[in-house]
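Here's the structure, in structure tokens; my notes come after.
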Amino acid sequence: MKKILSFALCLLMLASVLTACGGDKKPDDAGNKGEVANVKFGAAVYVSAPTATDATEDKAGQGSVDVTVAAVTVDKDGKIVACDLDTMQNKVTYTTEGKAVANAEFKSKRELGDAYNMVTYGSATQEWYKQADAFEALIVGKTIAQVKALVAEGNKGTDEVVNAGCTIMIHEFVGAIEKAVANAKAEVAADATVKATLHTAQTCTDATEEKAGNNQVEVYGFGAALKDGKVLSADSDCAQVKFTFDIAGKSTFDASKAVQTKREQGDAYGMVAYGGATKEWYAQADAFDAACEGKTGAEIAGLMAEDYKGVDSLKSAGCTIYVSGFVAAASKI
């Protein structure tokens, strides 16, 4: 009897050891027992075709460009796990005297919230941010090919998109998501959340007889994968659009040229060749993004010194340019 009891006790101990080692856990998609598969993070900025009009006696001239940022995580099969979107609608004006008008502020569509007024003045059933949320939820589990197939005539969504609660045009969403998925290379925890933010900086110069005026916007996009409020991986970019005009407020802006972001321009941006910089813009942006890892939004704000350039540690890491635009976007996470 003692031998039987001893044998039974050994079996119980063996079962306990196997359980502690994860022997009863089901394999994940990667086929590894007890392991959680990582996902890949990417972010990108998509720039719409800019437009510009002449100033008249009745109406100021206007330059307009929409910039959309997307942050995503994708699984090993290329299916979207999480997505966050935002759009900054940048409208600037200039007068028949050739004077650039400074905006009081720029807010993204998500930041405006209900004040964007699609429901009040556009007869929409849901405000912009709610429609963006609906689209984000719909594309979870889809590949980029399936997401692109959601765009229908007039750049609005298919019936599937409309029925999900998103009745606005979605081509800019899809354009940003496609770029973000292509950029998805950094591995992060599968339960990471994603956040996309925007900030616009404006520069105004009046026209003279010798030189065109300029109402310029620099739109900074920031995407991050987050856990416990801290950045796991980040990606920054910037779209610079210069709306030019003459002394009579007539637009001299060439709207036929597609706008490339600073990151998309790569070495052609010319900071090294023409600005005497030691590193090109995208390499300096990479240094800033790396410095954001492990930080909260409030801690990212601390990366900027009083001269609007980076603190010493950021400069030493290779980011020697002004970082106010980077910080303003990134600290919104």
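Worth pointing out:
- A Cβ distance below 6 Å, combined with a sequence gap of six or more or placement on separate chains, defines the contacts here; from segment 314-329, residues that are surrounded by fewer than 16 Cβ atoms within 10 Å (Cβ to Cβ) and at pLDDT 95 or above reach residues that are among the basic types (Lys, Arg) and not in a helix (DSSP H, G or I) in the pairs Tyr322/Lys309.
- Single residue of segment 56-85 satisfying the filter (among the polar types (S, T, N, Q) and surrounded by 24 or more Cβ atoms within 10 Å (Cβ to Cβ)) that is farthest from Ser256 (Cα to Cα): Thr73
Residue-by-condition table, conditions (1) within 30 Å of Ala234 (Cα to Cα); (2) of a type in the set (Lys, Arg):
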| position | (1), (2) |
| --- | --- |
| Thr53 | no, no |
| Lys59 | no, yes |
| Val67 | yes, no |
| Asn103 | yes, no |
| Arg110 | yes, yes |
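- In segment 318-325 there is at least one residue that is under 30 Å from Gly98 (Cβ atoms), part of a helix (DSSP H, G or I) and not polar (S, T, N, Q).
- Selection of segment 116-160 for residues being within 19 Å of Ala71 (Cβ to Cβ), touching a helix residue (DSSP H, G or I) at 6+ places or on another chain (Cβ under 9 Å) and among the small types (Gly, Ala, Ser) yields Ala132, Ala134, Ala137.
- Verdict on Ala277 being in contact with a Leu (Cβ under 9 Å, 6 or more places away or on another chain) and of a type in the set (A, V, I, L, M, F, W, C): no
- Residue count, segment 247-273 (criterion: modelled with pLDDT under 95 and among the hydroxyl-bearing types (Ser, Thr, Tyr)): 1
- Matching residues in segment 236-271 - criterion: being touching a residue at least 40 places away in the same chain (Cβ under 8 Å) and aromatic (Phe, Trp, Tyr): Phe243, Phe245, Phe253
- The residues on offer are Gln265, Gln240, Gln260, and the sole one that is part of a loop (DSSP other than H, G, I, E, B), surrounded by fewer than 21 Cβ atoms within 10 Å (Cβ to Cβ) and among the polar types (S, T, N, Q) is Gln260.
- Residue that is among the hydrophobic types (A, V, I, L, M, F, W, C), in contact (Cβ under 8 Å) with a residue 12 or more places away in the chain and more than 20 Å from Val161 (Cα to Cα), where the choices are Ala137, Ala52, Ala104, Ala115: Ala52
- Residues satisfying the stated conditions in segment 146-171, i.e. surrounded by 14 or more Cβ atoms within 10 Å (Cβ to Cβ) and among the charged types (D, E, K, R): Lys148, Lys156
- Qualifying residue in segment 155-164 (condition: touching a residue at least 60 places away in the same chain (Cβ under 8 Å), part of a helix (DSSP H, G or I) and of a type in the set (A, V, I, L, M)): no
- For segment 148-181, the set of residues classified as among the aliphatic types (A, V, I, L, M) and under 24 Å from Ser233 (Cα atoms) consists of Val174, Ala176, Ile177, Ala180, Val181, listed by residue number.
- Qualifying residue in segment 290-312 (condition: part of a helix (DSSP H, G or I) and in contact with a Gly (Cβ under 7 Å, 6 or more places away or on another chain)): no
- Condition broken by Asp307, with the remaining ones in (1) in contact with a helix residue (DSSP H, G or I) (Cβ under 7 Å, 6 or more places away or on another chain); (2) over 28 Å from Thr193 (Cα atoms) satisfied: (1)
The values are calculated or read from the model by the stated rules, or taken from the named source; none is laboratory data. All figures in this text were calculated on a predicted structure; none of them were measured in a lab. Ideal geometry is used to build each Cβ from the backbone, glycine not excepted, and the neighbour counts take in all protein chains shown.
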